[in-house]
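A quick write-up on the structure given underneath.
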Amino acid sequence: MRRISILGATGSIGQSTIDLIRRDRESYDVVALTGGRNIEQLARDAVELGAKLAVTCDPGLYASLKDRLAGTGIQAAAGDAAVVDAASRPADWIMSAIVGAAGLLPGIQAIRQGTTLALANKETLVAAGPLVMAAAKTQGARILPVDSEHSAVFQALVGEDIAAVERIIITASGGALRDWPIERLATATVAEASTHPNWAMGQRITIDSASMFNKALELIETREFFGVDPARIEVLIHPESLVHALVGFRDGALMAHVGPSDMRHAIGYALHWPERRDLPVERLDLARIGTLTFRAPDPMRYPALRLAQAVMQAGGKSGAAFNAAKEIALDAFIEGRIGFVGMAGLVEDVLDKMWSSDGLNRAPNNIEDILETDRLARRRASDFLAISA
Ligand code: NDP
Ligand code: MG
């Protein structure tokens, strides 16, 4: 039996992971499930899967979680430290699917136990890529990408030498507003930005798809995971979302990964790696699909991509500040404090300030340095919002 834990079990990725586990329950010994506010789901899944431990990050929900688990023998815990503790419980495979920078410390804790970490939380590599990859190496932990584009690149690289890679192309649907006239973007509402043309995902990542901040994070994630020069990583708009990534080799070959828009493929690949097993995903009928289209992203429409390039060039702690400022910008958009195009303006302002006065391009010494940068970027972003209010 494989011992597994799921961090962020109640979310979109967490639930897709549970869907796969449920189909083959006898093969897994579920150690820990963690969630946030949705304790009803957390308790239900913990009972169904026979987890040893269920943790909510919210201490205010501890009593309620404990009540729901009364008499089941499942241990309940609450708080950020308890989530990190859950990640340190011995397991053979851990899914990192907490949303945002909150996933960083639990992910690192999982790496410290030298496990296999299925990494959906992209913020881990964006904020602390070099430290995380180095820690995985020292601890003998294996990181398997779960973000669909990175899983696609990973699969295209099986048996290949990374030195033969000329370029990596990750695709983007272009998001909910891709066909809007640029002048109209400023008026986009939260509801309009929250509907994804192809993927069913959490609200935050769906809005990040419309602004391409999601793709911006993924560019940085690609650089950190595969260690390629930023100039060799490209974004291509592909409205059908069926080709997830392409790897171009020095002999001119381009290997594309084609598959349905269903995260259970990438999750299942990471779950069964290095084997391939049956997965409950649609088999594509290319004759019926007929046409796949591609186009270059318009830099005026997607300033987030330009910012990601600047972040990769600057290096150091820039990724941590970029992600933190983006999270505040997204909160402010969802709360109606800034408009859709205001998100990129806020992030750029924070980065400019921190590059000029906070030594953002200096390498971090440790994770505490990254967390400090995260806090500072959030303060700078809040100051910006207070001034522009
Ligand atoms: P969701 O918002 O659907 O789920 C997030 C999970 O994290 C939930 O379990 C939530 O708990 C929990 N959570 C929220 N805040 C905290 C916190 N402060 N501390 C601990 N746990 C917390 O997100 P997704 O599943 O969509 O995404 C998860 C990660 O995977 C993100 O980094 C995203 O970018 C990445 N990803 C997602 C993809 C997708 O298709 N959804 C594709 C590729 C990458 P609760 O809901 O109970 O409050
Ligand atoms: Mg992705």
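The values are calculated or read from the model by the stated rules, or taken from the named source; none is laboratory data. Owing to the predicted nature of the structure, the values given are computational and were not obtained by experimental measurement. Backbone-built Cβ (ideal geometry, glycine too); neighbour counts: all protein chains shown.
Against the definition (more than 12 Å from ligand 1 (Cβ to nearest atom), aliphatic (A, V, I, L, M), within 23 Å of Gly60 (Cα to Cα) and out of contact with any His (no Cβ under 9 Å at 6 or more places or on another chain)), how does Ala76 come out, yes or no?
Here the answer is yes, as Ala76 does meet what is asked.
Could you name every one of the helices (runs of 4 or more DSSP H) located completely within the stretch 280-389 that has at least 1 residues being basic (Lys, Arg) and within 29 Å of His238 (Cβ to Cβ)?
286-289, 303-314, 318-334
Acidic (Asp, Glu) and within 19 Å of the chain's Cα centre (by Cα): is that true of Asp161 in this structure?
Answer is no for this residue.
Identify, please: which residue in the stretch 178-196 is farther than 19 Å from Glu335 by Cα and touching a helix residue (DSSP H, G or I) at 6+ places or on another chain (Cβ under 9 Å) and is, among those, modelled with the lowest pLDDT?
Among those residues, the one meeting the criterion is His196.
Taking the stretch 32-59, which residues are in contact with a Ser or Thr (Cβ under 6 Å, 6 or more places away or on another chain), of a type in the set (A, V, I, L, M) and part of a loop (DSSP other than H, G, I, E, B)?
none
How many residues, within the stretch 16-40, are within 13 Å of ligand 1 (Cβ to nearest atom) and out of contact with any helix residue (DSSP H, G or I) (no Cβ under 8 Å at 6 or more places or on another chain)?
Here the count works out to 2.
Please determine whether any residue of the stretch 265-274 is more than 19 Å from the chain's Cα centre (by Cα), more than 16 Å from ligand 2 (Cβ to nearest atom) and either in a helix (DSSP H, G or I) or without any contact (Cβ under 8 Å) to a residue 60 or more places away in the chain (or both).
Checking the stretch 265-274: at least one residue is more than 19 Å from the chain's Cα centre (by Cα), more than 16 Å from ligand 2 (Cβ to nearest atom) and either in a helix (DSSP H, G or I) or without any contact (Cβ under 8 Å) to a residue 60 or more places away in the chain (or both).
Tally the residues that are surrounded by fewer than 24 Cβ atoms within 10 Å (Cβ to Cβ) and in a helix (DSSP H, G or I), restricting the search to the stretch 1-31.
Final tally of qualifying residues: 11.
Condition (residue is free of Cβ contacts under 8 Å to residues at least 60 places away in the same chain, surrounded by fewer than 24 Cβ atoms within 10 Å (Cβ to Cβ) and more than 16 Å from ligand 2 (Cβ to nearest atom)) applied to the stretch 120-135: is it met by at least one residue?
yes
Look at the stretch 155-168 and say how many of its residues are surrounded by fewer than 23 Cβ atoms within 10 Å (Cβ to Cβ), within 16 Å of ligand 2 (Cβ to nearest atom) and either free of Cβ contacts under 8 Å to residues at least 60 places away in the same chain or over 24 Å from Ala110 (Cβ atoms) (or both).
Summing the residues that are surrounded by fewer than 23 Cβ atoms within 10 Å (Cβ to Cβ), within 16 Å of ligand 2 (Cβ to nearest atom) and either free of Cβ contacts under 8 Å to residues at least 60 places away in the same chain or over 24 Å from Ala110 (Cβ atoms) (or both) in the stretch 155-168 gives 1.
Taking Ser209 and the conditions (1) touching a Ser or Thr at 6+ places or on another chain (Cβ under 7 Å); (2) without any contact (Cβ under 8 Å) to a residue 60 or more places away in the chain; (3) surrounded by fewer than 24 Cβ atoms within 10 Å (Cβ to Cβ), which numbered condition does it fall short on, given that it satisfies the others?
(3)
Among the strands (runs of 3 or more DSSP E) lying completely within the stretch 161-252, list those that include at least 2 residues that are under 28 Å from Gly290 (Cα atoms) and within 16 Å of ligand 1 (Cβ to nearest atom).
Ranges flagged: 165-172, 243-249.
Quick check: anything in the stretch 140-152 crowded, with 19+ Cβ neighbours inside 10 Å, among the acidic types (Asp, Glu), in contact with a His (Cβ under 6 Å, 6 or more places away or on another chain) and not in a loop (DSSP other than H, G, I, E, B)?
yes
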